[in-house]
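Take a look at the structure set out below.
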């Protein structure tokens, strides 16, 4: 979470106003300055509250990770079911994520300054690392920046190189591509472009990390909803059939009375 500074309106815009309008505009500007000042104070207070609750949430996040570790392929399933994250996953990357045992998001003590995302892997055929970390430094003297753990790929297993080659050969015929053919999960991990507008990092931090269970359970939820809709449809059909029978019986009764 980060505080944003509102843009101040400029009164010296070379436009001519009558004296009454000019005076009103200056008073509005003074009121807006007071509002902006209060907004900044509110942002600071909100950050303090967020820091407090980050500490209180941590034991529950740790407990949740312990429980998740008992479920095979939990994180792979959650990533594959997520509409934005699945769009950058290649088949080999999905296979690699089967070995992802723990995900953690850690905000820095000064929340405005940034955060890190930690991916804990078991031994796997793709790389030597046990933990891959990507950090985002957002409140630095220079521009926002990011850095990540160098991946120690095993021989012939560099998924970033494989993806680039596959994208070059397949053109637009690749499976489940988003907008950028050269983008994949591990190319995102090693990319350090605009750290202040990293949509994948923000999705992981603000959507996946707070509640991964909802994405792990997506297929089950869809099946349950489908069964409910089918059941409702059958009930409506059954009611329609009953009504049809009643109409037929009444018509048959009428014919008998006419014959008499």
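The values are calculated or read from the model by the stated rules, or taken from the named source; none is laboratory data. As the structure is a prediction and not an experimental result, all values here were calculated from the model. Every residue, glycine among them, receives a Cβ derived from its backbone with ideal geometry; neighbour counts consider all protein chains shown.
Of the residues 12, 110, 16, the single one that is at pLDDT below 90 and assigned by TED's automatic domain parsing to the domain that holds residue 129 is 110. If the condition is being surrounded by fewer than 15 Cβ atoms within 10 Å (Cβ to Cβ), more than 16 Å from residue 186 (Cβ to Cβ) and touching a residue at least 40 places away in the same chain (Cβ under 8 Å), then the range 87-138 contributes 109, 112. Please enumerate the residues belonging to the range 44-63 that are free of Cβ contacts under 8 Å to residues at least 24 places away in the same chain and surrounded by 14 or more Cβ atoms within 10 Å (Cβ to Cβ). Passing the criteria: none in range. Looking across the range 192-207, just one residue is closer than 19 Å to residue 82 by Cβ and outside any helix (DSSP H, G or I), and that is 198. Among the residues of the range 74-85, are any farther than 22 Å from residue 59 by Cα and free of Cβ contacts under 8 Å to residues at least 12 places away in the same chain? Scanning the range 74-85, I find at least one residue that is farther than 22 Å from residue 59 by Cα and free of Cβ contacts under 8 Å to residues at least 12 places away in the same chain, so the answer is yes.
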